[in-house]
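The values are calculated or read from the model by the stated rules, or taken from the named source; none is laboratory data. Owing to the predicted nature of the structure, the values given are computational and were not obtained by experimental measurement. Here the Cβ is made from the backbone with ideal geometry for all residues, glycine too, and neighbour counts use every protein chain on show. Calculation scope for accessible area: heavy atoms of the full protein, side chains included, ligands and nucleic acids excluded. Shrake-Rupley method; radii C 1.70, N 1.55, O 1.52, S 1.80 Å.
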Amino acid sequence: MDTTVTSNDTSENTWGGGNQPLKASYGKLMMWFFIVSDALTFSGFLAAYGFSRFKFIDSWPIADEVFTHFPGLHGYNAPMYYVAFMTFILIMSSVTMVLAVDAGHHMNKKKVTLYMFLTIIGGAIFVGSQAWEWNTFIKGDYGAVETKGGNILQFLNTEGERVALADVATSLPQTRVQHERKNGVWYMKDGSDISEFTIEEVKAGFAANNDLLIRTEILNEAGEKTVLSREESLLRLNRDGQGIVEGANLIHNEYGTPLFADFFFFITGFHGFHVFSGVIINIIIFFNVILGTYERRKNYEMVEKVGLYWHFVDLVWVFVFTFFYLV
Amino acid sequence: MAHEHKLEIFRGLLKFKSNTSKIWGVLIVLSIVTAVEVALGIIKPEFLVEERFMRMKLLNWIFIILTIFKAYYITWDFMHMRDEVKGLRRAVVWTAVFLICYLVFILLTEGDYIFDVYDSGFQSWDF
């Protein structure tokens, strides 16, 4: 019992371990130390994101144009509403967590149980939402053409609205056969899902439709992506266009530089993993509460310790939200 | 039990009667700040986007300051940093703040330098 809860018995002499300058239990202190080191890990990731963004400061994707979906509102432009919702859910579950800690201080088992349960539900909703975000991002929406230099060309109509690859491409009498290892060089093969269009079909369709323009990755003075004139568009597409991209993965990204997708997957993935493990830990503590472990221990400090971790996860999300979606 | 909470936020401007009501109060503060951030992010007022301070858009400065504001209240009131002793508070906060500032400064400076190399070099990267 002495290892889980510290009593404030300071009758021992100073060098005998009776001195507690920080007035916190061993467990809480270690949780704080873990949080500091984990905070440094996350800031390492976010600083690396900043590094790559500064490196490509004139061509970085605009988050508002990438995350525009809301479940159930298909085709409706809803920039950031869903992330705002996720942020709110996480803050809410943080609140129920502090309420659980507070109820623990009053030794109120019923309330701790209820608030822990609500916290777990909030965490589960958040992880689910993140899975949905990933799915939408991986699928992509309009599709784009990738150039020889690895840059992205997107399609617009003359009103400045995005046009999907399916509406650009015409169908030519050819099919793109999936290249497998057994058919050619052993170290080259196509991914499992090759597109139904070929770059030739996109080029032919683009040349045939005078209303289409190309938008490059480069940001102009106003911070918007540059739109090329019709002549420039044709030249650019035919000279540089090499392949087509639909959606995003670690190598190709229809929204812009692949680094954006890499950091998105890595940082939100690492954070989501923290939320996931937080939910698991909360469930364990939840069952301990129900079984009356802390009632017998006469101390709910364990709830406080997992609470610290849970709030930390919320804290990190506040920064991820700012640097990925807002700035 | 030694669970006394300091119940003031905004430097004593707002004083709550109980710890529970303080938690709800902080939730309201955080929700308002988040709502303001999202609203600014969607509207993007022209003035804030065009004006710059130290080469960064005013809008981005606002976002970052509001984020630190939120981080303060999460740490101080949800994680009960307000109730910890000075030594623990400083050991945690100063360590993290100092190291993070250093890391961010180094990496952003380097990133900016590499951008200049790409931008002004003879090699074309957009093809």
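The 1.4 Å probe gives accessible areas that order A:Lys203, A:Lys148, largest first, as A:Lys148, A:Lys203.
In straight-distance terms, cross-link reach from A:Lys305 covers every one of the lysines whose alpha-carbon lies under 18 Å from its own, apart from those fewer than eight places away in the same chain; here that gives A:Lys23, A:Lys28, A:Lys109, A:Lys111. Label-to-label distance, A:His74 versus A:Lys111, with points set 7 angstrom from Cα along the beta-carbon direction: 4.6 nm. The simple spin-label model puts a point 7 Å past each Cα toward its Cβ; for B:Phe127 and B:Lys6 those points are separated by 6.2 nm. What you get for segment B:1-83, charging only the Cβ of Lys and Arg (+1) and of Asp and Glu (-1), is a dipole of about 100 debye around the Cα centre. For chain A, what relative contact order do you get, as a whole percent, if you take Cα pairs closer than 8 Å and at least 6 residues apart? Averaging sequence separation for qualifying contacts and normalising by length gives 24 percent for chain A.
With every protein chain kept in the model, how would you rank A:Leu99, B:Leu40 by accessible area, 1.4 Å probe, largest at the top? Show your work: numbers first, answer last.
Numbers: A:Leu99 5, B:Leu40 35 Å².
Accessible-area ranking of A:Leu99, B:Leu40, largest first: B:Leu40, A:Leu99.
Prolate is the label for segment B:86-127. Its Cα gyration tensor axes, ordered a ≥ b ≥ c, give a/c of at least 1.5 and a/b above b/c.
To the nearest 0.05, how large is the calculated FRET efficiency for A:Ser171 and A:Asp240 if R₀ is 30 Å and r is the Cβ-Cβ distance?
Details: r = 23 Å, r/R0 = 0.77.
It comes out at approximately 0.85.
Could you work out the relative contact order of segment B:1-83, using alpha carbon pairs under 8 angstrom and six or more residues apart, expressed as a whole percent? The partial results should precede the final answer.
Numbers: 42 pairs, mean separation 25.0, N = 83.
30 percent.
Ranking A:Thr68, A:Ile199, A:Phe276 by how far each Cα lies toward the positive end of the dipole of chain A (charges on Cβ) leaves A:Phe276 at the top.
What does the charge dipole of the protein assembly as shown about its Cα centre add up to, to the nearest 20 debye, if the Cβ of each Lys and Arg holds +1 and the Cβ of each Asp and Glu holds -1? Walk me through the numbers on the way to the answer.
Values: 38 positive and 48 negative charges, 407 e Å.
Computed about the Cα centre, the dipole is about 1960 debye.
Within the full protein context, the accessible area of B:Lys86 is estimated at about 120 Å² for a probe radius of 1.4 Å. Within the assembled protein chains, the solvent-accessible surface assigned to A:Tyr300 is about 10 Å², based on a 1.4 Å probe. For the pair segment B:10-53 / segment A:288-324, the C-alpha centres are spaced 24 Å from each other.
The share of Cα pairs per 5 Å bin across chain B, counted from zero up to the longest distance, runs 2, 8, 12, 14, 14, 15, 13, 8, 5, 3, 3, 2, 1, 0, 0 percent. Each residue was assigned an accessible area with a 1.4 Å probe, and for A:Lys28 the value is about 30 Å².
Using only the C-alpha atoms, the convex hull of the protein assembly as shown corresponds to 199 Å³ per residue. What whole number of Å gives the distance from the Cα centroid of segment A:104-135 to the Cα centroid of segment A:185-221? Going from one Cα centre to the other spans 44 Å. Mean projection of the Cα convex hull over all viewing directions, computed for segment A:181-310: 15.4 nm².
Once each of the GluC sites (Glu not before Pro) sitting in a DSSP loop with at most 16 other beta-carbon atoms within 10 Å is removed, chain B keeps B:52-127 as its longest stretch.
Could you sort A:His106, A:His69 by their accessible area in this structure, using a 1.4 Å probe and putting the largest first?
Result of the area sort, largest leading: A:His106, A:His69.
The residue among A:Leu172, A:Asn183, A:Thr158 whose Cα reaches farthest toward the positive pole of the charge dipole of segment A:115-190, with charges on the beta-carbon of Lys, Arg, Asp and Glu, is A:Asn183. From helices alone, chain A scores -17000 deg cm²/dmol at 222 nm; the rule is -39500 (n - 2.57) for each run of n ≥ 4 DSSP H residues, then divide by the residue total.
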